[in-house]
Amino acid sequence: MPIDLPPSERMTSGHLACPGCGAAIAMRFVLKGLGDRVVMVIPACCWSIIAGPFPYTALKVPVLHTAFETGGAVASGIRAALDVKGDHETQVVTWAGDGGTFDIGLQSLSGAAERGEDILYVCYDNEAYMNTGVQGSGATPEGAWTTTTPTGSPKATRKKDIMQIMAAHAIPYAATASIAYPEDLVRKVQKAASIRGTKFLHIFATCPTGWKVPSEVSVGLARLAVQTRIFPLYEVEDGERYTINVEPKGYLVDAYFKAQGRFKHLTAEDLERIQERVDHGWSRLEALARIA
Amino acid sequence: MRRVVEGSHAVSHAVDLARVRVISAYPITPQTHIVERLAELVADGVLDARFIRVESEHSAMAAVIGAASAGVRSFTASSSHGLALMHEMLHWAAGARLPIVMAEVNRAMGPGWNIWADQTDSLSQRDTGWLQFYCEDVQDVIDTILIAYRVAERVSLPVMVVLDAFFLSHTYEPADLPEHADVDEFLPPWEPVEVLDPAEPRAFNQLASPEFYMEFRHKMQQAMDEALAAYPEIDRAFAARFGRTHPLVEHIPAEDGARAPLALVTTGTITSTARAALAELRDRGTPVDLVKLRALRPFPQDEIRRVLGPYGRVAVIDRNLSFGYGGIFAQEIRAALSSLADRPVVYPFVAGLGGRDVTPDTVRAVVDRALDDEPPGDILWAGLKE
Amino acid sequence: MSPVTLRTSRDLPPTSRSLDTMEWNHTGSWRFLRPRYQDKVAPCAEACPAGEDIARVQMLLAQGAFDRAWLRIREENPFPGVCGRVCSHPCEAACNRGEFDAPVSINSLERFVADHARRQGLAPPPAEPADSGRHVAVVGAGPAGLTAAHFLRRAGHDVTVFDAREEPGGLLRYAIPAYRMPAEPLAWETGLVMSGGVRFQPGRRLGEDLGWDELSRFDAVLVAVGHWAPAPLGVDGEDLAVDGLALLEDVRRGRPPEVGGRVAVIGGGNTAVDVARTLLRLGAEPVVYYRRRLRDMPALPGEVAELREEGIEIQTLLAPARIAARDDGGLDLALTPMAVLDEDGGQRPRVVPSGHPEIAVAVSAVVTAIGARPSPGTPAAGLDPDGSEAVALHLRRIRPRGEWAERPPVFLAGDLVNQNRTVVAAIASGKEAAVVIDAALRDRALGDAWSAIRVGRKGAVSLNRLAGGDRAFRLDHVVRYDDLNTIYFQYLERKKRPRITLDERRTGFDEVHLRISASLALSEAERCFHCGQCDHCDNCYLFCPEVSVRRDPRAETRQIDYDYCKGCGVCVVECPRSAMVLEEEPR
Ligand SMILES: Cc1ncc(C[n+]2csc(CCOP(=O)(O)OP(=O)(O)O)c2C)c(N)n1
Ligand code: SF4
Ligand SMILES: [Mg+2]
């Protein structure tokens, strides 16, 4: 069955993403799902570069570029301004990297979510600070090489579970999505856009440059992350109702890790430990989905 | 309408008069009364605006940046640590050329924790591209908020309206609260040129390479120059409607038609103390002229040279300190006067840090020191324990 | 699109904001790998001896373009209605879908298309005039001869087909039972060959009604008369047995023999199965005796299965030893129990007498179906082994020596030369004959052209490729399962062919298999992966991070805009069906 996405195209050619950039693919899909009543906020991240320098833009929606940690707050301000102007239709969308979401921007995101701001916050997760040259972030997975978690001492701790954090805010809608599952992704964007209140979308977006993988596997690797249950696709409504959207085949994690330069130092024992964690995370998610 | 109002509430009511549509703020003593009253005004439907109860000052500034970028008149208020936390976004607001107005209650920076008056917080934000206006009394606060919006929207730069902690923020004074209709005439709705608008999609604030960045900064400087040039006209318009004038540099000679041997320069509420102390000194035969300085940025250099140039001695009282150098207004004044061949000797006093009272006695001590035969020095501490 | 020019400070807005899009920036200059659309050979097409462009046909079917699908098949094979019924369909064994769930029912779909065409009365494009000035004689109107005739005629030659029998079709008409190959669809397809301009001369048996003097007047001769003579059993009483092929021919000529009671059928090939099932329908009680095991039977597994469904017994590891007449008019058949001698993984194991005592069965008749040979009188039968030489996979040419040196070139095709005597191999043989004879008549050496017109590595030939048609540019790479991005495919059940009831099967010669419905055909065709064919799924377009895949308004073609393509290669990997390649950027 061919993939069916809205035909609209609000990202232009000529942008500055690296070849095969998952963040570019993710942006394209999200814009397809959003329609034209959109204002976008982009805090510092790769997309600050990708979108192009003055006097250009690669996005055919209004974009406010802003400081790194302000995604939640700036969007709240725009929402308020549109509301007082009587415009309740335009979606205010924050488009932030994992660093701008999990780390430095977590506070302003949390504030916006707690206030129930009517915004859609999209985090495209490439699992490190890529704009600044691949430094470790709260989204960097355990065992990964980054320039600040070098091979001699790769990241020892686990990736922050941003979805749990967002679910704990009891926002009406939070969902994970992947560039490898465009229909699921676009459906989630559309669903989010149809809900009033704070919506959070966590999109897995391969970074060939930072992960040390060939550009052509960008989408395939994202798919593998889903199929290995490393990055399951699910939704959480009102912080409670969990729904798993894609039933993963449950491949062993090895294929995913071995494909990437950033994990090449991992030993068989490391992978075993990670497998256990992934299995555990999956059972937990399944249990949550059962409760719902 | 004449009413007795608290300084903080004066800010709130002026914001209402200015028909601000988005307010975002985070509480910090001594700014709290401002935002509490605003929250009430919004909640009661008096002020038709959205109040965004953010989780930090950084976000407060970020939120009003968002709101102003969408073309809506916006306001925030903060103080001290809150202002310091905003620092990054102060640059962003100015660089984005957004006419945001904020009330900033001057309060000391910790540690140790100190909630009392001290200007070092706002003066530390000198180079962010904000205009800064310092207020003397409650009336000044009301009027300055209104003037600030008019100036900000004229030159597309944000303005900080500064008032001293407690001495002004928590002081009740009778003041004239203008009518909405009059304010509407003085301050018509803001008509931004370009805003975030799905009908006309544009990117704002994106990467500016060395090829263009400097021009953008040059344009900010030009806007500051324009603000300086336009201020008298705006002030006249204000005076014409409300009968009060607020020049950036106010010259108050002790005796009409005569120049005293010393001019004392003050900012904020110290001016009121100085007015009383100098009146008494004049009556006792020691005339000292008073110069009230209202703006840090844009700095009214010409006006400073014109007013202070002819004096033999100028004393400046700074309720602030740039560590390793001295009082900040004194530096600015000295720098402005330096281009004059024949220039006054500047006596740079630092007084009242962290809320220490600057009393008429302090003013008298300052005058005594400025008139004695000792050389001026780089910092003259007033009211410091032995 | 050119970059905005901002010369003076006055041209600049107050601060950073966009005045134009990034499209001035031709990121194609970043590229060092270049993706390209490139159709490849599907494994089914490679496996089809007739070189049918199966994956493309399936794609047309899936789009509901039944007419075009039929024309596509006929580009390579004039007999889809025949092959859709009796082909051994090696394509299905090669189908990549087999590794995923179950192969696509290619054979049923072919039958569907052919029946569709016949019901709709579709007509192939009219033949060009036969203006080459060359004349070709084809002896034998079986699948090999008719295929050769058809393509030679389309190549512009004047072609005459001679056959000993009165109707064209050979085995298809006179041996394969009607419940498998009914007369009507065959007649329609042979009729199309004739209406395409091929002359047919029935009743001309080579060596009897057709002599070499007459054939020598042609510019080339193709002999494809098949194998009609029974192979000898080599046992006592052999002459008491009936020849299976002759029996089948009698039935198809409407002269069924009187049979009843238990009839022994000797053999394990398709003819044996056909004979046994025919006998059943005639009211007898056939038993098949085969000298090897069930699994060694060369007959198509599907045919064997249907035979057993119909209740026919197969006795294995029994070889005929003797046939003797009995007083009651019946026969005694003695059978030697056999044992498998060695099982070295080879095709069929050797068997030897097991040493157990002979078994005797009383039967009303014994029918042999252990293989056929060229009829006496065909030149190939009389030639010594090096009397001819291979000129293609399924084609031999008689050595131009002695008497043959004086004659026009004579080629042998079909069962006369094929190891594997299937209908589709005969068709393949006919195609090769057409290619070779056309080249010979035009004094054109084929040489390298052979490799250019092959489909994959198994020897099939594509006439579309020969003609430089739209499918000529398929890359020779055969798409393997691992080349596919199977995540985009869902498990779908293979559609079963509907059949008439068992009772109907046991008592009459109605076609066992029914035609599948159009909706079933559509959904079965949708199961096809379309290996190596762009089917406009648009994955390339959708996943392109550069928005640099362009579609025409009707979305029928895709183009990569190399002004922007950075060569990331995502499109190539995300192509579900391996219809793209990623190559080094030419410098
Ligand atoms: C306050 C502040 N600290 C640091 C930076 C530098 N900085 C800019 S982008 C970035 C990394 C962004 O990482 P992430 O949000 O994951 O987005 P990515 O670049 O990976 O797309 C950093 C550290 C900044 N712009 N602002
Ligand atoms: S560094 Fe990674 S995320 Fe950033 S543009 Fe390149 S590929 Fe995309
Ligand atoms: Mg990142």
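The values are calculated or read from the model by the stated rules, or taken from the named source; none is laboratory data. Here the structure is a predicted model, which is why all the values come from computation and not from measurement. Cβ atoms come from the backbone with ideal geometry, glycine included; neighbour counts cover every protein chain shown. In case anyone asks, the SASA skips ligands and DNA or RNA and just uses the protein heavy atoms, side chains included. Shrake-Rupley method; radii C 1.70, N 1.55, O 1.52, S 1.80 Å.
Could you check the range C:497-537 and list, in sequence order, the residues that are open to solvent by 20 Å² or more (accessible area, probe 1.4 Å) and of a type in the set (Asp, Glu)? C:ASP503, C:GLU504, C:ASP510, C:GLU511, C:GLU526, C:ASP535 - these are the residues of the range C:497-537 that are open to solvent by 20 Å² or more (accessible area, probe 1.4 Å) and of a type in the set (Asp, Glu). Check the range A:142-154 and report whether any residue there is in contact with a Cys (Cβ under 9 Å, 6 or more places away or on another chain), within 16 Å of ligand 1 (Cβ to nearest atom), open to solvent by less than 40 Å² (accessible area, probe 1.4 Å) and at pLDDT 95 or above. No, the conditions are met nowhere in the range A:142-154.
Close Cβ contacts (under 7 Å, 6 or more residues apart or on different chains) running from residues in the range B:273-293 that are open to solvent by less than 30 Å² (accessible area, probe 1.4 Å) to residues that are aromatic (Phe, Trp, Tyr) comprise B:LEU293/B:PHE329.
In the range C:503-511, the count of residues that are touching a residue at least 40 places away in the same chain (Cβ under 8 Å), assigned to a helix (DSSP H, G or I) and of a type in the set (Ser, Thr, Tyr) is one or more. A search for C-beta distances below 7 Å between a residue of the range C:89-102 that is more than 13 Å from C:GLY532 (Cβ to Cβ) and in the same structural domain as C:ALA55 (by TED's automatic domain parsing) and any residue that is open to solvent by less than 20 Å² (accessible area, probe 1.4 Å) and aromatic (Phe, Trp, Tyr), counting only pairs 6+ apart in sequence or on different chains, returns C:ARG97/C:PHE529. For A:CYS18, indicate whether it is within 30 Å of C:ILE487 (Cα to Cα), surrounded by fewer than 23 Cβ atoms within 10 Å (Cβ to Cβ) and within 16 Å of ligand 3 (Cβ to nearest atom). Taking the combined requirement at face value, the residue satisfies it. Take B:ARG154 and decide whether it is within 13 Å of the chain's Cα centre (by Cα), surrounded by fewer than 23 Cβ atoms within 10 Å (Cβ to Cβ), not acidic (Asp, Glu) and not assigned by TED's automatic domain parsing to the domain that holds B:ILE270. No; evaluated as a whole, the condition is false for this residue.
Which residues, taken from the range C:253-280, are open to solvent by 10 Å² or more (accessible area, probe 1.4 Å) and more than 18 Å from C:ARG85 (Cα to Cα)? Correct list: C:ARG253, C:GLY254, C:ARG255, C:PRO256, C:PRO257, C:GLU258, C:VAL259, C:GLY260, C:GLY261, C:ARG262, C:LEU280. In the range B:83-125, how many are closer than 27 Å to A:SER76 by Cβ and away from chain A (no Cβ under 14 Å)? Here the count works out to 11. Write out, first by first residue and then by second, each pair whose Cβ atoms fall under 8 Å of each other, whose residues are 6+ apart or on separate chains, and whose first residue, in the range A:178-189, is open to solvent by 10 Å² or more (accessible area, probe 1.4 Å) while the second is acidic (Asp, Glu). Going by the 8 Å Cβ cut-off, the qualifying pairs are A:GLU183/A:ASP4. Reported count of residues in the range A:260-270, each being over 21 Å from the mean Cα position of the chain (by Cα) and either surrounded by 19 or more Cβ atoms within 10 Å (Cβ to Cβ) or not in a helix (DSSP H, G or I) (or both), is 4. Residues in the range B:217-234 that are of a type in the set (Gly, Ala, Ser) and within 14 Å of chain C (Cβ to nearest Cβ): B:ALA223, B:ALA227. Considering the range A:91-125, the residues that are under 14 Å from the mean Cα position of the chain (by Cα) and open to solvent by 10 Å² or more (accessible area, probe 1.4 Å) include one that is nearest to ligand 2 (Cβ to nearest atom), namely A:ASP103. Among C:SER523, C:SER578, which is in a helix (DSSP H, G or I) and among the polar types (S, T, N, Q)? Just one listed residue meets the conditions, C:SER523.
Per-residue answers, yes or no, for (1) within 14 Å of chain B (Cβ to nearest Cβ); (2) away from ligand 3 (no atom under 11 Å from the Cβ); (3) not small (Gly, Ala, Ser):
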{"position": "A:GLY105", "(1), (2), (3)": "yes, yes, no"}
{"position": "A:GLY116", "(1), (2), (3)": "yes, yes, no"}
{"position": "A:TYR121", "(1), (2), (3)": "yes, yes, yes"}
{"position": "A:ALA128", "(1), (2), (3)": "no, no, no"}
{"position": "A:ASN131", "(1), (2), (3)": "yes, no, yes"}
{"position": "A:GLY136", "(1), (2), (3)": "no, no, no"}
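Of the residues A:GLY77, A:GLY86, A:GLY72, A:GLY52, the single one that is without any contact (Cβ under 8 Å) to a residue 12 or more places away in the chain and either outside any loop (DSSP other than H, G, I, E, B) or open to solvent by less than 10 Å² (accessible area, probe 1.4 Å) (or both) is A:GLY77. The residues of the range B:104-130 that are crowded, with 17+ Cβ neighbours inside 10 Å and among the aromatic types (Phe, Trp, Tyr), listed by number, are B:TRP116, B:TRP130. Among strands (runs of 3 or more DSSP E) entirely within the range B:1-96, having at least 3 residues that are open to solvent by 20 Å² or more (accessible area, probe 1.4 Å) and in contact (Cβ under 8 Å) with a residue 40 or more places away in the chain singles out B:2-6. Scanning the range A:45-52 turns up at least one residue that is at the interface with chain C (Cβ under 8 Å from one of its Cβ atoms), modelled with pLDDT of 95 or more and farther than 27 Å from B:SER59 by Cβ.
The sole residue among C:ARG34, C:ARG85, C:ARG56 that is open to solvent by 10 Å² or more (accessible area, probe 1.4 Å) and at pLDDT below 95 is C:ARG56. Based on this model, can you work out whether A:ASP4 counts as in contact (Cβ under 8 Å) with a residue 12 or more places away in the chain, more than 16 Å from ligand 2 (Cβ to nearest atom), outside any helix (DSSP H, G or I) and among the charged types (D, E, K, R)? Against the criterion (in contact (Cβ under 8 Å) with a residue 12 or more places away in the chain, more than 16 Å from ligand 2 (Cβ to nearest atom), outside any helix (DSSP H, G or I) and among the charged types (D, E, K, R)), A:ASP4 qualifies.
Any residue that is within 16 Å of ligand 2 (Cβ to nearest atom), within 13 Å of chain B (Cβ to nearest Cβ) and either at pLDDT below 95 or more than 19 Å from the chain's Cα centre (by Cα) (or both) - is there at least one of those in the range A:19-42? No, the range A:19-42 has no match at all. Taking (1) open to solvent by less than 20 Å² (accessible area, probe 1.4 Å); (2) among the polar types (S, T, N, Q); (3) over 26 Å from C:HIS150 (Cβ atoms) in turn, C:SER462 satisfies each apart from (3). Would you pick out the residues in the range A:90-103 that are farther than 18 Å from A:VAL30 by Cβ and either facing chain B (nearest Cβ under 10 Å) or in contact with a Cys (Cβ under 8 Å, 6 or more places away or on another chain) (or both)? Scanning the range A:90-103 gives A:GLY99, A:PHE102. Which of the residues belonging to the range C:9-63 are of a type in the set (Ser, Thr, Tyr) and either in contact with a Gly (Cβ under 6 Å, 6 or more places away or on another chain) or within 14 Å of chain A (Cβ to nearest Cβ) (or both)? Residues satisfying the conditions are C:SER9, C:THR15, C:SER16, C:SER18, C:THR21, C:THR27, C:SER29.
Of all residues in the range C:281-296, exactly one satisfies the criterion of being open to solvent by less than 20 Å² (accessible area, probe 1.4 Å) and in a loop (DSSP other than H, G, I, E, B), namely C:ALA284. Determine whether the range A:81-104 contains at least one residue that is away from ligand 1 (no atom under 12 Å from the Cβ), closer than 18 Å to A:ALA23 by Cβ and in contact with a Phe, Trp or Tyr (Cβ under 9 Å, 6 or more places away or on another chain). Yes, the range A:81-104 contains a residue that is away from ligand 1 (no atom under 12 Å from the Cβ), closer than 18 Å to A:ALA23 by Cβ and in contact with a Phe, Trp or Tyr (Cβ under 9 Å, 6 or more places away or on another chain).
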